[in-house]
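Below is one structure, written out as structure tokens; comments come after it.
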Amino acid sequence: MVIVVATMPIWLPATNFLTLTDGVLAGIYTLLGLSLVLLIGYTGQLALTVNVTYGLGAYTTAILTVDDKLNPWLTILIGVAINVAFALVLALPLLRLQGHFLAVATLGVALIGFTVFQAAPITGGPNGIDGVTPLSIGSLQISSDTAFAYLAWIVALLALIGCRNLISGRLGRAMQAIKGSEAAASSVGIRPFRVKMMVFVLAAVLSSVAGSLYATYTGFVSPDAFSVSFTITILVMVVVGGLRSVWGVPFGVFAILALNAALQTYGPSLIPAGGTDIPIVGYGVVLIVFLMFLPGGLASAAQRLWRSATGSGGPRRSMPEIGGAVSEESS
Amino acid sequence: MTFLFAGLTVGAINALTGLGLLIVYNVTGVINFAQGDFVMLGAMAAILFAGANGHRAGLPLIVAVVLAVMCVSALGGILERTVLHPRRKSGPVLLLIMTVGISLVLEGVVLVITSSQSYGLRNFTPGPALSVFGGTVSLQSLWVFGVTGAALVALYLFFSRTRVGKAFRACEINPLAASLVGIRPSRYWTYAFALAAGLSALAGAVIAPVTTATYDMGLALTLSGFVAWVLGGLVSPVGVVVGGVGLGVAQGMVNGYLPLGLVAYANAFPFVILIAVLVVRPNGIIRSLAERRV
Amino acid sequence: MTLLRAEGIAKEFGGVVALHDAGVVVDRGKIAALIGPNGAGKTTLFNCISGHLRPDAGCVWLGDREMTGAPAFRMAQHGLARTFQNLELFPDLTVLENVLVGRHLTMSAGPVASMLRLPRERHQERRAREQALAALDRVGAGDLADRAVDQLPYGKQRLVEIARALALEPSVLLLDEPAAGLTAGEADNLGELLQGITADQVGILLVEHDMRTVMALADEITVLDAGRVIAIGRPEEIQANPAVIAAYLGVEATEASEHGADLP
């Protein structure tokens, strides 16, 4: 994994398909995908506020670096703090809702958030905020795509390893227990609301950092990046990677970025009327196809291949994850 | 008064969408995320059949509307059969994400066809707006009220008087018992989707002359329908209608009387109500849910 | 010594009275059984005791601590473990992981420590794994540790649930129909297992339909009918109690005839 990331500036542009910008975004989206995997895949909480928490992080960094000239590193921390507070406040009423109802309520929050980003005076409205200060280490500015790709992926790798560790330990089991049966989880002393709250906060932190990184990378923040359909896009990536797989996330992200690039390139020639908006159809089709035929995502496909190749292991899990084999080597 | 009428018009659509959600949820346990897209499809199909913006000569309006409702209803049933049905045991979360996928595809296809343009439909009866009680109400709004009312009466008769309607309710109350008396609940999944889609399409067709139709109008409609449903207390169709109309009127008032500085936030209003209801009465919702699950 | 005492428990659901004046006592190292016809309120009483339902009236004591209305996780913290009538396992986890969840309270890793996987957490994890394996071995399912829990046969799933409850190292163990769906051989093993557990000074409360198991294992039987206690006593006393016989024959003739051989 480390090698793949280290050589990213070489192989990514060589695909003639994806650019290094996609590589940077993939790192950022991996953080967002992880937040959904923790919430949906492992805790069973279909919370879809990622565009809001992502946006809060991005706007915090944008506003504080542009208006108040704060150090961008500092603004990442402030963004995290704001997001934690936001998540705690939001969790109180929302996390008591079950399944579907949580989904629709959080979508309501997602829409409110998007509307606020568009309308609030402080966010610069539809025009957004330009001129976000780039990150720098000492006098070294992280502004080139290459430097930023490394930064984004260092953060993403740390988050991946952290989430993998979390999942395989006490709290990760508690999360999956809650997903399976809250009654049984509480019968062994787990406090479902607390654990859900923790995951909610963790997800907000991950997406807040992603938002701040995004703001410093592009130097420009506008509401379009934080629409409800953005949340759906991340959801599609996570479903493709495997909802119950930490290491599947980056694969899902790259798969969808590649699909997006392909549709942008070849789509218009296939369906001239669609213009550049064709990816939406593609996402929908991918989502349905995966859920119908490969609900475990790429991760489960990879594990099935691995097993048939090595001929090892009997039926172990009904919905396998890639975690075991791959993660041991990479940590 | 004018705002009240505008609100009632929106409210009628909320109510129909909310009823669609309710029907599907009661039978299948799925919240159909694409419900609002069926409204959009109903509007688009009616426009397609009747001729866009009155330029192209199309079918007579009544035929176009009936055709649109039938097509969308059939589409709803087909989508359920082909996409959801094979996976209907995979749990509510995955099913909801699948309906998100359906929603994306529907929006995407319409987007490709319409190139994100908005389309209008001619009024069902031409003529100037009427003034009633000091406000103005367009003739089309009267159509919306009338059609919604008729649909509600028809639904009531369907559920209380016909054999199929009663079987429907049996599936809601107890699928196992229903299957024991020879009703196949799984088949009613399809019926529920078709019925709900048709209802939404009807809403779309009558509202099209008022609001015009765009490919991406579905999400907000789904969520408004959901708010109507939550406000209405989740179980009763009457509640949904009251909730939907109440929400619509509130929306109309907000649009009319909101101070200028806050106008930009008006879109978020229904969802603020939604969250408020959830905050104030989380127990009510959880309890009725828990009862459903048992 | 009394480990668990519930008294005067009442519970109604939307006007339907499920429990009127129900109670039960569990002593250290003893097996108490709760029986009664279908719909007598056994599982409701169970849920009121374990904190999964909040009783409308009555008291629940764990040891000498009053716990009435405490949430389920708090009951678990104070040494009460339970299984469920309709099996509530965690399908995403393996058998071993299911049992490991039962060690939740004895471990301490918070989110940050978990993500960093500090040495202390690793050590804890290793110990918990050993203990969970021991609990699995104890119920005779040690060889299933790495299997997917939802692919096990019903009887084995019951055993895993018992192992998960045992992993809490509870002082009181509530078992809701543990013998349901077991083969005759498995049921016999279950009896031995329960007796082994009581030998460790754990008190067991058993809801059970299978009269053979109940009569063979229970030290004391509480009979519930229509939400209230109609008899308490040793198995032979219960078998001879006319009120019990009437309840079984009157309310549910079919079930009484099934178990007719057990009731004189």
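Any read-out appearing in this document is the output of simple, stated calculations on the displayed coordinates, not a laboratory observation. Just so it is clear, the model here is predicted, and its values are computed rather than measured. Here Cβ is always computed from backbone atoms with ideal geometry, including for glycine, and neighbour counts include all displayed protein chains.
Evaluate peptide C:46-57: per residue, the Cβ atoms of other protein chains within 10 Å of its Cβ; return the mean as an integer.
1
Given +1 on the Cβ of Lys and Arg, -1 on the Cβ of Asp and Glu, and no further charges, what dipole in debye does the protein assembly as shown carry about its Cα centre, rounded to the nearest 20?
About 1140 debye.
Mind listing P(r) for region C:92-167? All alpha-carbon pairs, 5 Å bins, whole percents.
In whole percents, the pair-distance histogram is 3, 18, 27, 22, 14, 10, 5, 1.
Take B:Val230, B:Val235, B:Val83, B:Val39 and order them by how many other Cβ atoms sit within 10 Å, fewest up front.
Lowest count first: B:Val235, B:Val83, B:Val230, B:Val39.
For chain A, build the charge dipole from Cβ charges (+1 Lys, Arg; -1 Asp, Glu) around the Cα centre, then report which of A:Ile178, A:Tyr29, A:Gly284 sits farthest towards its positive end.
It is A:Ile178, whose Cα lies furthest towards the positive end.
To the nearest µm²/s, what D does Stokes-Einstein give for region B:189-250 at 10 °C and 1.306 mPa s, using the Kirkwood radius over alpha carbon pairs as Rh?
127
Answer rounded, prolate or oblate for region C:51-199, using the Cα gyration tensor with square roots of eigenvalues a ≥ b ≥ c: rounded when a/c is under 1.5, else prolate when a/b is larger than b/c, else oblate.
Cα axes put region C:51-199 in the oblate bin.
May I have the extent of the alpha carbons of region A:57-156 along their three principal axes, as whole Å values ordered from largest to smallest?
49, 32, 22
If we count other beta carbons within 10 Å of each Cβ, what is the order of A:Leu38, B:Leu258, A:Leu18, A:Leu305, fewest first?
Final ranking by Cβ density, sparse to dense: A:Leu305, B:Leu258, A:Leu18, A:Leu38.
Which listed residue (C:Pro111, C:Cys59, C:Gly15) has the Cα farthest towards the positive end of the charge dipole for region C:1-143, taking +1 on Lys and Arg C-beta and -1 on Asp and Glu C-beta about the Cα centre?
The one lying farthest along the dipole's positive direction is C:Pro111.
Does region C:24-73 come out rounded, prolate or oblate, given a ≥ b ≥ c as the square roots of the eigenvalues of its C-alpha gyration tensor, rounded meaning a/c under 1.5 and, failing that, prolate meaning a/b above b/c?
Oblate, since a/c reaches 1.5 and b/c is not below a/b.
If you take each beta carbon of peptide C:142-155 and count the beta carbons of other chains within 10 angstrom, what is the mean?
Partner Cβ neighbours, averaged per residue: 2.
For the protein assembly as shown, how big is Rg over Rh, using alpha carbon atoms and the Kirkwood form of Rh?
Checking Rg against Rh, the ratio lands at 1.00.
Just order B:138-151, C:9-22 by mean Cβ neighbour count inside 10 Å, highest at the front, would you?
B:138-151, C:9-22
If each DSSP helix of 4+ residues adds -39,500 (n - 2.57) and the sum is divided by the residues in chain C, what number results at 222 nm, nearest 500 deg cm²/dmol?
Taken over chain C, the calculation gives -12000 deg cm²/dmol.
Using +1 on the beta carbon of Lys and Arg, -1 on that of Asp and Glu, and nothing else charged, what's the dipole of region C:94-252 about the Cα centre, debye to 20?
840
Mind checking C:84-96 for the average number of partner chain beta-carbons within 10 Å of each residue's beta-carbon?
Average neighbour count from other chains, rounded to a whole number: 5.
When the helices in chain A are scored as -39500 (n - 2.57) per DSSP H run of 4 or longer and the sum is shared across all residues, what 222 nm value do you end up with, to the nearest 500 deg cm²/dmol?
That comes out to -23000 deg cm²/dmol.
Taking the mean number of other Cβ atoms within 10 Å as a proxy for protection, how do you rank B:155-163, C:183-191, B:92-100, C:162-170 from highest to lowest?
Per-residue Cβ counts within 10 Å, averaged per peptide and sorted highest first, yield C:162-170, B:92-100, C:183-191, B:155-163.
What ranking, highest mean first, results for peptides A:63-70, A:192-199, B:40-47 when packing means the other Cβ atoms within 10 Å averaged over each residue?
For the peptides A:63-70, A:192-199, B:40-47, the packing ranking is B:40-47, A:192-199, A:63-70.
If I take all pairs of Cα atoms in chain C, what percentage of them are more than 26 Å from each other?
I get 42 percent for the Cα pairs in chain C exceeding 26 Å.
Once you sort the root eigenvalues of the Cα gyration tensor of chain A as a ≥ b ≥ c, which label holds: rounded (a/c under 1.5), prolate (a/b larger than b/c) or oblate (the other case)?
rounded
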